[in-house]
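Heads up, the thing below is written out as structure tokens.
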């Protein structure tokens, strides 16, 4: 793949993506070739993953957090407090993995763990004052980065991109139901 140029059944013309009517999930052709656009989609997803890894390095790790820790903290900030099960669901991590993430955040003084008064089996996590302050800074940094990205998207295209990402996420979920 050369720069942003897509070749094969998915082509770029005047900056607009077009689809060959005989390929790439065209609504006109329900008997699509299973191999159509595999290379193109694969390359774009791989490039997106690499870009996200750079984002993590430049925007998250400079604050001293892993991406799992970052998004865990942000989820708790948004909700105020969450049970471990709610947090595991939101983060799409199994309970044992979520427990390891939380253990490190508790150890470093960002999160407190408490038992639910009504059901002592339920563990509730909340941010400490240190955690709230750090998470607000982290969240602001992440949001500033996303604002920069949005400012570089052509006017009127943000909704198209959000819709396309939604379609891609649903495709990932269907391809691997245990994934997302």
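The values are calculated or read from the model by the stated rules, or taken from the named source; none is laboratory data. Just so you know, these numbers come straight off a predicted model, no measurement behind them. Please note: Cβ atoms are built from the backbone with ideal geometry, for glycine as well, and neighbour counts cover all protein chains shown.
Residue pairs whose Cβ atoms lie under 9 Å apart, sitting 6 or more positions apart in sequence or on different chains, and linking a residue in segment 69-82 that is in contact (Cβ under 8 Å) with a residue 60 or more places away in the chain and on the phi < 0 side of the Ramachandran plot to a partner that is surrounded by fewer than 20 Cβ atoms within 10 Å (Cβ to Cβ) and in a strand (DSSP E or B), do not occur here.
The residues listed here are 177, 154; of these, the one that is exposed (fewer than 15 other Cβ atoms within 10 Å of the Cβ), within 19 Å of the chain's Cα centre (by Cα) and assigned to a loop (DSSP other than H, G, I, E, B) is 177.
The combined condition, being in contact with a helix residue (DSSP H, G or I) (Cβ under 8 Å, 6 or more places away or on another chain) and either within 14 Å of residue 135 (Cβ to Cβ) or at pLDDT 95 or above (or both), is fulfilled by residue 73.
Screening the candidates 88, 67 for the property of being touching a helix residue (DSSP H, G or I) at 6+ places or on another chain (Cβ under 6 Å), within 17 Å of residue 122 (Cβ to Cβ) and surrounded by 14 or more Cβ atoms within 10 Å (Cβ to Cβ) yields one hit, 88.
So is residue 159 without any contact (Cβ under 8 Å) to a residue 60 or more places away in the chain, loosely packed, with under 12 Cβ neighbours inside 10 Å and assigned to a strand (DSSP E or B) or not? No: the conditions fail for residue 159.
Of everything listed in (1) assigned to a helix (DSSP H, G or I); (2) surrounded by 15 or more Cβ atoms within 10 Å (Cβ to Cβ), the single unmet condition for residue 124 is (1). Of all residues in segment 21-33, none satisfies being at pLDDT 90 or above, under 25 Å from residue 161 (Cα atoms), exposed (fewer than 14 other Cβ atoms within 10 Å of the Cβ) and out of contact with any helix residue (DSSP H, G or I) (no Cβ under 7 Å at 6 or more places or on another chain).
Identify all residues within segment 43-59 that are surrounded by 12 or more Cβ atoms within 10 Å (Cβ to Cβ) and over 17 Å from residue 172 (Cβ atoms); write none if there are none. Across segment 43-59, the qualifying residues are 55, 56, 59. Taking segment 88-121 as the range and being without any contact (Cβ under 8 Å) to a residue 12 or more places away in the chain and not in a helix (DSSP H, G or I) as the test, the residues that pass are 94, 108, 115, 117, 118, 119, 120, 121.
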